[in-house]
Each structure stands twice: as structure tokens, then as C-alpha cells.
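Notes follow once the structure below has been shown.
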Amino acid sequence: MQNSVYIERELYQRIKMLQKNRGGRPKFEITPEICEQVENLSAQGLTVDQIASVLGVSRQTIYERQNEYPEFSDALKRGRGKGVANVTNALYT
């Protein structure tokens, strides 16, 4: 009796695990490389919509990841700052 309960529980857990991984769009993971790429794109003056397009995600995903990952948000801000500095230097030199 205990053996069949154990088998049923294990089977149920495997089915649940398979159901969680049923295709769909892959999760957009924030890595140091992505942060660097976002910083560079932002420094070039690209908008959030344009950055999202380059990364193959929606604008909403960019905003969600900014809220979830402070390092991602900081990369966007650093990039914007670099872009503004570049424009300012170009105007006043």
C-alpha cells in the first residue's frame, strides 16, 4: 500500500514538472553580458522600445526586468548618462 502511494506521488510530481516546461517563449535571463549590451545600446541613444527590439523581447519585459534586477536598471541608467555625456562633449568641444 505504501509503495503504491509513493509511486503515485512520484508520478504526480513528474507530471507537474513536465507541465511547467511546456514550450512557450524562453525566459529572458539577465546576465552580465546582457547588462553590458543594454548599457552600450542605451549610450548610443536607443529608446527602451528599440533596445527591446534588439534583445527580442517586449517593452514590458524591459520594464519588468528593471524592477526585478537592480543591476539591469543601473546598466540602462549608466548608458543614458554616457550618451548624454557624449552629446554634451560633442556640443561643447
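Taking all protein chains in place and a 1.4 Å probe, what share, in percent, of the accessible surface of region 25-93 do carbon and sulfur account for? Before the final figure, lay out each step's value.
On the way: 2360 of 4580 Å².
Answer for region 25-93 is 52 percent, counting heavy atoms of protein chains only.
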### Debye intensity ratio in log₁₀ form over the Cα atoms of region 20-80, taken at each q of 0.17, 0.22 Å⁻¹
-0.52, -0.82
### Message
With the crude spin-label approximation of a point 7 Å out along Cα→Cβ, what separation in nm comes out for Glu8 versus Val57?
### Response
4.2
### Task
Note down the accessible area of Tyr63, probe 1.4 Å, to the nearest 10 Å².
100
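The values are calculated or read from the model by the stated rules, or taken from the named source; none is laboratory data. Note that this is a predicted model, so its numbers are computed, not measured. Cβ: placed from backbone, ideal geometry, glycine included. Neighbour counts: every protein chain shown. All accessible areas refer to the heavy atoms of the entire protein, side chains included, with ligands and DNA or RNA removed. Shrake-Rupley method; radii C 1.70, N 1.55, O 1.52, S 1.80 Å.
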